[in-house]
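Working notes, structure below.
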Amino acid sequence: MDDEIDQAAKLAREKHPKRNATPIQYGTAGFRAKSSMLDYVLYRMGLLAVLRSKYKTGSTIGLIVTASHNPEEDNGVKLIDPMGEMLERSWEHYATQLVNASDDDLNSVLRGIIDQASIKTEVAVKVVIARDTRPSSVPLSLAAQDGVQVLGGQAIDYGLLITPQLHYIVRCMNTRGAYGDPTEAGYYTKIASAFLKLRGGDGSHGNYHPVVQVDGANGVGAPKLQSIIPYLNGMLGIKISNDGSSGKLNHNCGADFVKVQQKAPEGMRVEPNQRCVSFDGDGDRIVFFYQDQSGKFFLVDGDKIATLLAGYLKEVVAQSGLELKFGLVQTAYANGSSTDYINNKLNVHVVCVPTGVKYLHHEAMNFDIGVYFEANGHGTVSYFSSAYIHPIMEISNALCQ
Ligand SMILES: CC(=O)N[C@H]1[C@@H](OP(=O)(O)O)O[C@H](CO)[C@@H](O)[C@@H]1O
């Protein structure tokens, strides 16, 4: 690999020179900065993705180009580990080291990481790359591909994806399809079939009217939501606003705007009592909201979603008769009254961790079933093992009838 490292250092100087003397850090969600500063960062993250894949004996690694809820002028990059999780914390240090090395030191820093992590360099590598709709994401994803290829890795470009789709694809690839088909269509099939099961029969449960209006934040969530519609067999009516055809990404719209401003986004006409949904720029946050007849605004943010899920799952777990460790993870930004309610009224154990999905996810995996949500709308339900999924699903299906 000596030659490839020499080539990587040469290409760095010639095509992706370091333009920024200020040190930057791999933070809770990777690197973020003004997009004009990031070409060398993306190139170097392409290099690191190759080393990570070799370290993980050839497992596929993901690289997503996005700055999520940040303004359109920013951009960023995150690496995704083999099981679809965030890059392991001990490697964030290598990421920071590699990005802050001078062009002249790049060669020795790459060799240093290979030595320190005892990486077997002969292993073949695959890196899957995707991006959000920012104009800067196209050249930046090409810079990442350069980094992968110069070290002899195979870079597979998935183009535009929401962040959760790339996490899904990475996991599918490393489980040889057991988790699903590693394609966009595979993602829609998996999500839509779960939804259709949940809705059951002809979809007419009680007074429920399956129609939502969605704020796509003028980001990648809008076209991807459009793509899932054919998979839903007409069981959910979806009207998409802020679909990126005219407005600016995350500008006066999107989940962060709705949560912080406590009002509906611009570019969306909201009828009284209509169910509304808002995504962020890379489609990994969700908040719900509605307005009553008098125009009063009601938000269902991450805390409320977590509360609803915890209440529901508590009932399902109790009915299953299984001895399961069930709990909920929040951050210090959670509304204290939601924590109180979950702890004292629902009697569900709550753990508080620092901000950042990686912290919540890690903690949630200490439960057999863990619900985790940040107030801003990042979150999910995690299962430690698939062994008890079946009985849980049975009860859940029965409750839906
Ligand atoms: C994947 C991740 O960790 N994202 C972080 C990050 O959100 P983004 O939506 O990715 O911009 O910053 C938020 C704080 O501003 C934090 O709450 C969240 O956990």
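The values are calculated or read from the model by the stated rules, or taken from the named source; none is laboratory data. None of these values were measured; they are calculated from a predicted model. For neighbour counting, all protein chains shown are included, and Cβ atoms are generated from backbone atoms with ideal geometry for every residue, glycine included. Remember, those area values only see protein heavy atoms, side chains included, never the ligands or the DNA or RNA. Shrake-Rupley method; radii C 1.70, N 1.55, O 1.52, S 1.80 Å.
Points to keep in mind about this one:
- With a requirement of 2 or more residues that are under 23 Å from the mean Cα position of the chain (by Cα) and of a type outside the set (Val, Ile, Thr), the strands (runs of 3 or more DSSP E) lying completely within the stretch 298-401 that satisfy it span 326-331, 369-373, 379-383.
- If the condition is being assigned to a loop (DSSP other than H, G, I, E, B) and surrounded by 19 or more Cβ atoms within 10 Å (Cβ to Cβ), then the stretch 280-297 contributes Asp280, Gly281, Asp282, Gly283, Asp284, Arg285.
- Contact annotation: residue pairs with Cβ atoms under 9 Å, 6 or more positions apart or on different chains, pairing a residue in the stretch 226-245 that is more than 19 Å from Ser278 (Cβ to Cβ) with a partner that is part of a loop (DSSP other than H, G, I, E, B) and acidic (Asp, Glu), are Met235/Asp202.
- All positions within the stretch 367-378 that are open to solvent by 20 Å² or more (accessible area, probe 1.4 Å) and closer than 20 Å to Gln262 by Cα: Asn376, His378
- The set of residues from the stretch 334-350 being among the aliphatic types (A, V, I, L, M) and within 16 Å of the ligand (Cβ to nearest atom) comprises just one member, Ala334.
- Qualifying residue in the stretch 162-174 (condition: more than 18 Å from the chain's Cα centre (by Cα) and surrounded by 21 or more Cβ atoms within 10 Å (Cβ to Cβ)): no
- Residues that are closer than 19 Å to Ser118 by Cβ and hydrophobic (A, V, I, L, M, F, W, C) within the stretch 49-78 comprise Ala49, Val50, Leu51, Ile61, listed in sequence order.
- Of the residues Ala155, Ala143, the single one that is in the same structural domain as Arg52 (by TED's automatic domain parsing) and more than 22 Å from Lys56 (Cα to Cα) is Ala143.
- Breaking point among (1) touching a Gly at 6+ places or on another chain (Cβ under 8 Å); (2) open to solvent by less than 40 Å² (accessible area, probe 1.4 Å); (3) more than 16 Å from Asn70 (Cα to Cα), for Met268: (1)
- Residues being within 16 Å of the ligand (Cβ to nearest atom) and either under 22 Å from the mean Cα position of the chain (by Cα) or within 14 Å of Glu72 (Cα to Cα) (or both) - total across the stretch 240-263: 11
- Test result for Gln293, among the polar types (S, T, N, Q) and within 28 Å of Cys352 (Cβ to Cβ): no
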